[in-house]
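What follows draws every value from the coordinates through simple rules; no lab data is involved. Predicted, not measured: the structure shown is a model, and the values here were computed from it. Virtual Cβ from ideal backbone geometry, glycine too; neighbours counted across all protein chains shown.
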Amino acid sequence: MFFVLAIILMLHGAHSEPMSLEDLQSTVLILSHRVSVTEAKLQEVSTKLIQTDILLKQAQEKEKERDGMKANISVLNHRASTAEAQLKEVNAKLIQTKLQNIVLILSHRVSVNEAKLQEANTKMIQTDILLKQAQSAIEKNGKVGTKSGDISELDIRLSVVETQIENVSAKVNQTANYKNELEIKFNKRFDVLNEKFSKKSPERKVAFHATMQGMSGPLTASTPTTIKFQTVITNLQNCYNKYTGIFTAPYDGLYLVSLSVMSKGTKSLYVTTVINGHTKAHVFASDKNTDELATSTNVYNLKVNDKVWNVLARGYTIDEEGHFSSFSAVMISS
């Protein structure tokens with residue numbers, strides 16, 4: 001009060017006429033009111049500075065969390081690629097082993113038939129020797145009539161052996177041809193497999209990230225409302241529709257889906273993540289904190305054309321200003 005009176009006296013010191021008590025009291029009231037208004041504004045600025053510091057810290061923590069998520073996604077992608085490469089290698093070796101076993105079995109059968117053919121040839125040679133011995137004995141002793149029956153019997157036995165040899169030879173040739181056909185098929189199949197596994201399969205990169213940056217004012221839902229994140233940062237495969245707020249999976253695979261939403265002031269917030277009409281996740285921010293950030297990160301096994309979106313529940317409010325509210329997804333394995 002004395003300070004205010006001093007200011008008044010300084011302002012009016014040059015006046016020849018002294019100020020009345022009523023004028024002094026009126027001036028004091030005016031100056032006191034202005035001081036109170038100034039202090040209130042100063043308090044408001046201090047409060048906003050504190051809130052800004054809180055939001056900045058939350059944003060920094062969220063950025064750290066996102067960096068951690070990116071690192072985890074990178075690790076998962078590396079592990080998935082390694083597993084796929086190992087699986088392809090195992091499949092190729094398994095097919096190659098099966099075909100090699102078939103070739104070995106057929107080779108064994110060919111070897112057995114060749115041994116039988118060799119045995120039949122040996123018997124035929126022995127039969128020829130016996131036949132020649134018999135003919136020689138007949139010519140030597142002049143007993144053609146006596147030995148003619150033996151010769152006929154030998155001729156019959158020789159014909160039977162020759163027939164057996166022809167049958168065995170036919171089987172051996174048939175087996176050899178079959179072996180050659182299998183080797184040709186094996187080589188063709190092996191070439192196809194080598195070509196298939198040597199070629200790098202086309203990468204199916206699927207990812208999107210969208211925020212509410214640039215949108216105006218908070219959104220309060222009078223009915224359950226699909227949230228539309230209309231500022232698209234990334235949209236590989238054109239899988240996200242900013243006009244509907246729906247992400248559509250372009251391929252079968254494992255997807256990492258993330259949602260971050262911020263409440264407005266002290267208004268509460270409740271959002272659900274929906275897949276094909278079925279609720280899969282929930283986030284909530286109470287009205288006890290100011291501008292609270294709610295997040296959800298989940299992994300889903302999606303089929304091609306599965307649809308994912310987020311719904312703001314009736315009566316709740318989301319802050320549409322800035323980039324704090326966002327929706328994203330990335331395919332981590334197929």
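Worth pointing out:
- Proximity of backbone amide H atoms, modeled 1.01 Å from N, is registered between Ile233 and His209, Ala210, Thr211 at under 5 Å, excluding neighbours fewer than 5 places apart on the same chain.
- Backbone phi angles across the range 277-283, fed through the Karplus curve with coefficients 6.51, -1.76 and 1.60 (θ = phi - 60°), yield HN-Hα couplings of x, 10, 5, 10, 8, 9, 9 Hz in residue order; Gly and Pro are listed as x.
- Nonlocal amide H pairs with Glu320, under 5 Å, H built at 1.01 Å: Leu219
- With the highest mean first, a sort of the peptides 305-314, 257-266 on other beta-carbon atoms found within 10 angstrom per residue produces 257-266, 305-314.
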